[in-house]
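The values are calculated or read from the model by the stated rules, or taken from the named source; none is laboratory data. Predicted model, so just to flag it, every value in this text is computed and none were measured. Here the Cβ is made from the backbone with ideal geometry for all residues, glycine too, and neighbour counts use every protein chain on show. Please note that ligands, DNA and RNA were not included when accessible areas were found on the heavy atoms of the full protein model with its side chains. Shrake-Rupley method; radii C 1.70, N 1.55, O 1.52, S 1.80 Å.
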Amino acid sequence: MDRREIAALLAYIGRLDPRSIRTDEGEARDQLAQWNELLGDVPMATPHGWDARVAVRQHYRASPYQIQPADVVRPWESYRRNRLALHWDPTPSADPDDQAAWTAELVGTRRAVAAGIAQPAYAPAITSSQEGINPRLQARLDQIGSCIPPAARAALAPFRPARAAHEAAVAQGLPDALSVRCEWCLAPVGEPCRRRRIGPNDGVRAITPRATPHPGRVDLAAQRAQHTEQAQQPALA
């Protein structure tokens with residue numbers, strides 16, 4: 001803020017709190033110089049959410065004391081930190097071999113975000129969309145049927161017995177037990193059933209995954225599959 005904006009902010013504060021008004025010309029000049037010294041790097045307002053008058057108004061809504069320059073600086077610093085916390089550095093358009101230009105663009109973007117001039121750049125979300133997949137990669141996936149090659153899947157089987165048993169059951173045409181919630185151990189959809197180890201005082205000491213689902217879960221999955229198959233059959237005339 002420049003001196004004119006500081007003067008406007010002090011006039012706004014005077015309307016909210018007449019105690020802050022300085023009638024003596026010397027005192028008013030000293031007050032303006034003090035606020036200008038402490039708020040010279042704080043903007044009056046930015047295009048994206050910051051307004052010093054809002055900070056003043058929030059202060060008087062929560063405190064009966066006269067406002068001080070620090071009561072405006074603190075919200076401004078919090079605003080800067082929050083925006084930088086949301087910011088994800090996009091790849092600069094400068095030549096990566098030009099280290100000075102690369103760094104200057106990166107720092108300039110961060111400063112613009114912190115100052116409220118530019119909006120934070122958010123990290124791209126991870127999605128399961130197959131749009132734009134490489135044709136060669138898609139052909140390879142169609143060939144092996146999974147992103148994990150069969151040899152690697154077999155090598156991993158001893159280290160994840162529950163997943164290996166699940167995949168073997170599905171390959172044999174059995175119902176997918178993990179597609180339903182287990183009513184016995186309350187394992188959610190997609191997770192293996194769990195075995196509880198009970199201690200001497202009837203307290204649960206540990207919970208470990210089972211290699212095979214509980215029988216009730218298998219039966220429930222079979223019932224769901226049968227119901228779905230019957231619902232998909234065309235109705236007889």
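Using protein chains only and a probe of 1.4 angstrom, how many square angstrom of Glu191 are accessible, to the nearest 10?
That residue has around 90 Å² of solvent-accessible surface.
Please list Tyr79, Tyr122 in order of solvent-accessible area, largest first, computed with a 1.4 Å probe with all protein chains present. Spell out each step's value before the answer.
On the way: Tyr79 35, Tyr122 145 Å².
Of Tyr79, Tyr122, the descending order of accessible area is Tyr122, Tyr79.
What number comes out for the charge environment of Arg57, summing +1 per Lys or Arg and -1 per Asp or Glu over other residues with Cβ under 13 Å away? Intermediate results must be reported in sequence, preceding the final value.
Numbers: positive: Arg15, Arg53, Arg61; negative: Asp17, Asp51, Asp71.
Counting the neighbours of Arg57, the net charge comes to 0.
Around Gly116, under 14 Å between beta carbons, what's the net of Lys plus Arg minus Asp minus Glu among the other residues? Could the numbers behind the result be given before it?
Working: positive: Arg80, Arg81, Arg83, Arg110, Arg111; negative: Asp41, Asp51, Glu77.
With Lys, Arg at +1 and Asp, Glu at -1, the neighbours total +2.
Modelled label-to-label distance, Ala85 and Arg136, 7 Å Cα→beta-carbon offset: nm?
4.4
Just one of [x] 359; [y] 171; [z] 132 is volume of the Cα convex hull per residue in Å³ as worked out from the coordinates here. Which one is it?
Among [x] 359; [y] 171; [z] 132, the one calculated here is [x].
Going by a ≥ b ≥ c, the root eigenvalues of the Cα gyration tensor, does segment 1-127 fall in the rounded group (a/c under 1.5), the prolate group (a/b larger than b/c) or the oblate group? Before the final figure, lay out the partial values.
Numbers: a/c = 3.99, a/b = 2.18, b/c = 1.84.
Prolate, since a/c reaches 1.5 and a/b exceeds b/c.
From Cα pairs below 8 angstrom and at least 6 apart in sequence, can you work out the relative contact order of segment 16-96, rounded to a whole percent? Walk me through the numbers before you get to the answer.
Numbers: 34 pairs, mean separation 20.5, N = 81.
Reported relative contact order: 25 percent.
Please give the length that would be gained between Tyr12 and Ala171 if that part of the chain were fully extended, namely 0.36 nm times their separation in residues minus their C-alpha to C-alpha distance (nm, one decimal).
On the way: separation 159, 0.36 × 159 = 57.24 nm, distance 7.37 nm.
Going from the current span to full extension adds 49.9 nm.
Can you give the accessible area of Thr23 in Å² (nearest 10), computed on protein heavy atoms with a 1.4 Å probe?
130
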